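In what follows, a single structure is set out as structure tokens and then discussed.
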Amino acid sequence: MKNYIIETKGLDFSFRSGQKILQDLCLQVPAGSVYGFLGPNGAGKTTTLRIILGLLKRQEGEVLLFGKNFSQHRLEILRRLGSLIEQPSLYLHLTGRENLELFRLNYGCERNRIDKVLEIVRLKDAARKKAKAYSLGMKQRLAIAIALLHDPELLILDEPTNGLDPNGIIETRELIRTLNKEYGKTILVSSHLLSEVEKMATHVGIINKGKLLFQGALQELQQLKSKQSAVEVEVSDTLRAETILRNFPLRQVNGTRVLLNYESRERTAEITRALVTEGVDVYQVSMTQNDLENLFIQITSEQ
Amino acid sequence: MATFLINTKTELWKCRKTAAYWITIAASALVPLILTIAYITNTPEFVKDLGVNPWPLHVVNTWQAAAALIFPFYTIIVTSLVVQIEYRNNTWKQVYTSPRSYADIFFSKFCIVHLLILSCFILFALFLVSGAYIANIVRPQYKFFENAVPWGNLIKMAAKQYIAILGMTSIQYWLSLRLRNYIAPLGIGLALVIGGIIMLDWNKIIYYPYAYTAVTFFKNKGSYALASHEIYSICWFIGVLALAFFDTTRRRERG
């Protein structure tokens with residue numbers, strides 16, 4: 001039995017209209033992981049996180065955090081986690097420090113934690129400014145600082161990089177990695193960008209239309225992805241290329257390009273060699289980009 | 001209990017730099033200020049009206065507008081403002097994911113509403129007295145200094161008005177919690193108060209919580225005993241508060 005920090009069992013959720021938002025969702029977030037919760041907008045990510053945090057009443061299924069039932073141990077569980085759901089929620093008429101001070105009292109933690117978290121999110125210089133005057137990135141960082149105040153074991157971050165500029169995205173990603181590696185925190189982070197999740201997650205769960213399509217370690221996802229990857233070769237004669245490459249997994253022909261399933265680096269070299277030896281000119285060999293959309297098609301077609 | 005007090009303190013802090021403080025001062029100062037100006041600008045007439053001991057009539061004059069309109073309006077506005085802080089900043093979700101029980105969240109905010117209402121009453125009494133003294137300093141014809149301030153009477157009035165306003169506070173608190181748009185509880189509350197003033201002579205008015213402060217002032221200001229509408233006010237207060245709390249614990253969605 002693995003040690004899961006968050007575990008949902010058979011989570012179902014639907015709106016009053018009967019529209020199903022979540023179906024039989026079984027999320028398993030291992031201790032010490034950065035769990036990337038991936039899915040397009042409207043897939044049910046925020047709904048899931050809100051149910052986990054008790055902001056939405058669960059309809060069917062069970063939510064276990066730290067192995068305990070949420071509804072029976074609400075306060076105890078909330079003391080051990082920090083969260084950031086959707087846009088940052090801050091008292092805009094108060095300064096950054098005052099915001100932290102409020103939540104510090106709620107959590108009952110030491111005063112020196114305020115300076116500590118301001119340092120972690122690098123907001124020390126702006127702590128005396130009103131939150132109203134903060135840029136979106138700063139607000140996001142202050143919200144993360146609030147989530148970190150009581151030094152929780154678990155962080156639940158909903159799209160923490162949403163709306164940030166590239167710099168802010170990189171900073172937030174670095175922060176998440178540091179918190180995981182240096183401070184040993186388990187982090188559940190949702191995103192709609194595959195590339196984003198790949199850069200920081202150790203585990204991934206992919207949700208679409210309320211169903212969990214994939215769940216596992218990042219390596220498993222990458223294996224799945226490589227199955228989906230393709231090599232695109234631009235040649236002088238596609239007809240001849242097709243015959244030469246009949247022993248390779250040819251997928252389709254697009255104008256002057258042939259598309260083959262990616263197998264390995266060596267096989268890619270063999271493709272080029274075969275073509276060149278037979279006198280077909282090779283203008284370009286490239287790997288096709290893998291985006292979330294293709295990955296979804298891949299995963300759904302396998303089911 | 002200690003954590004409840006700390007959390008109530010944080011609720012008070014959230015009102016810092018918001019209109020809640022200013023409106024408390026404005027609501028308590030408005031009527032005393034107008035009367036002070038009137039006393040100074042229209043001295044001969046008021047000296048005659050107020051008589052040998054000007055205090056009793058001064059107290060009545062000041063309370064009249066305050067009881068019927070200012071305090072009910074103030075209660076409605078301040079309740080909305082205190083609750084609206086969370087809606088406006090999108091912070092309900094942060095409040096509900098901090099380790100605080102539903103009762104803690106619900107009652108600490110309600111305590112702040114009442115703390116503000118009580119401070120408004122106290123400030124009102126202080127302004128009432130100091131306004132009279134200021135008028136007396138400017139116009140020595142008045143006899144405020146020669147007579148003792150009727151503190152007992154003032155405290156009795158304030159206590160009765162506070163009891164009369166209790167019923168409204170629960171209803172407005174529930175409305176403000178349930179309705180995300182702050183105009184709605186404000187509009188409903190103001191309409192109900194104005195409705196109450198129009199229906200003041202209706203024989204069933206004792207069942208209508210939005211008119212209780214006016215009923216206390218116009219029909220029951222002399223007596224120490226609780227009038228029946230004041231007892232109903234306490235019933236409304238407890239009943240609606242219990243319902244509102246039950247509703248809060250059962251809500252499908254928070255923040």
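Computed values, structure above
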| item | result |
| --- | --- |
| Overall dimensions of the range B:13-154 as given by Cα atoms, namely Rg and Dmax in Å | 19.4, 63 |
| Lysine pairs with alpha-carbon atoms under 17 Å apart, the range B:109-255, spacing 8 or more or separate chains | 5 |
| Calculated P(r) tail over 18 Å for the range B:115-184, as whole % of Cα pairs | 56 percent |
| Accessible area in the full protein assembly, largest first, 1.4 Å probe, for A:D165, B:D104, B:D201 | B:D201, A:D165, B:D104 |
| Distance between the range A:197-271 and the range A:121-144 - C-alpha centres, whole angstrom | 43 Å |
| Gaussian network model of chain B, springs between alpha carbon atoms under 10 Å - residue of B:A67, B:A211, B:A148 with greatest fluctuation | B:A148 |
| Dimensions in Å of the range A:234-283 - Rg and Dmax from alpha carbons | 9.7, 25 |
| Residue-level accessible surface for A:H73, protein heavy atoms, 1.4 Å, Å² | 60 Å² |
| Test item: A:85-96 mean partner chain Cβ contacts at 10 Å | 5 |
| Separation between Cα centres of the range B:42-60 and the range B:130-156, rounded to whole Å | 10 Å |
| Exposed-loop-free span, longest in chain A, where GluC sites (Glu not before Pro) count as exposed if DSSP calls them loop and at most 13 other C-beta atoms lie within 10 Å | A:1-109 |
| Unit Cα scatterers, Debye sum, the range B:208-255: log10 I(q)/I(0) for q = 0.13, 0.19, 0.30 Å⁻¹ | -0.43, -0.66, -1.06 |
| Kirkwood Rh, Cα atoms: Rg over Rh of chain A | 1.09 |
| Alpha-carbon gyration tensor eigenvalues x 5, square-rooted, for chain B, Å | 36, 20, 15 |
| Averaged over A:140-150, number of beta-carbon atoms from partner chains that fall within 10 Å | 1 |
| Label point distance in nm, B:I238-A:K9, each placed 7 Å from Cα along Cα→Cβ | 4.3 nm |
| Top of A:G36, A:G82, A:G255 by mean-square fluctuation, Gaussian network on chain A, Cα under 10 Å | A:G255 |
| Eligible lysines near A:K124 by straight Cα distance, threshold 26 Å, same-chain separation 8 or greater | A:K116, A:K132, A:K139, A:K181, A:K185, B:K9, B:K14, B:K17, B:K93 |
| DSSP-loop chymotrypsin sites (Phe, Trp or Tyr not before Pro) across the range B:224-255, with at most 14 other Cβ within 10 angstrom | B:Y224 |
| For chain A, the longest site-free run once chymotrypsin sites (Phe, Trp or Tyr not before Pro) in DSSP loop states with at most 15 other Cβ atoms within 10 Å are removed | A:16-182 |
| Kirkwood Rh and Cα Rg combined as Rg/Rh, the range A:8-94 | 0.98 |
| Gaussian network model of chain A, springs between alpha carbon atoms under 10 Å - residue of A:V276, A:V189, A:V204 with greatest fluctuation | A:V276 |
| Distribution of pairwise C-alpha distances over the protein assembly as shown, 10 Å bins, in % | 3, 15, 19, 18, 14, 11, 8, 5, 3, 2, 1, 0, 0 |
| Helix-only [θ]222 nm of chain B, DSSP H runs n ≥ 4, -39500 (n - 2.57) each, per residue, nearest 500 | -25500 deg cm²/dmol |
| Loop-located trypsin sites (Lys or Arg not before Pro) in the range B:180-240 whose Cβ has at most 10 other Cβ within 10 Å (DSSP) | B:K204 |
| Taking only Cα atoms of the range A:137-226, radius of gyration then Dmax in Å | 13.6, 41 |
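The values are calculated or read from the model by the stated rules, or taken from the named source; none is laboratory data. These numbers were taken from a predicted model, which means no experiment stands behind them. Don't worry about glycine lacking a Cβ; one is built from the backbone with ideal geometry, like all the others, and counts go over all protein chains shown. Only protein heavy atoms, including side chains, enter the accessible area calculation; ligands, DNA and RNA are left aside. Shrake-Rupley method; radii C 1.70, N 1.55, O 1.52, S 1.80 Å.
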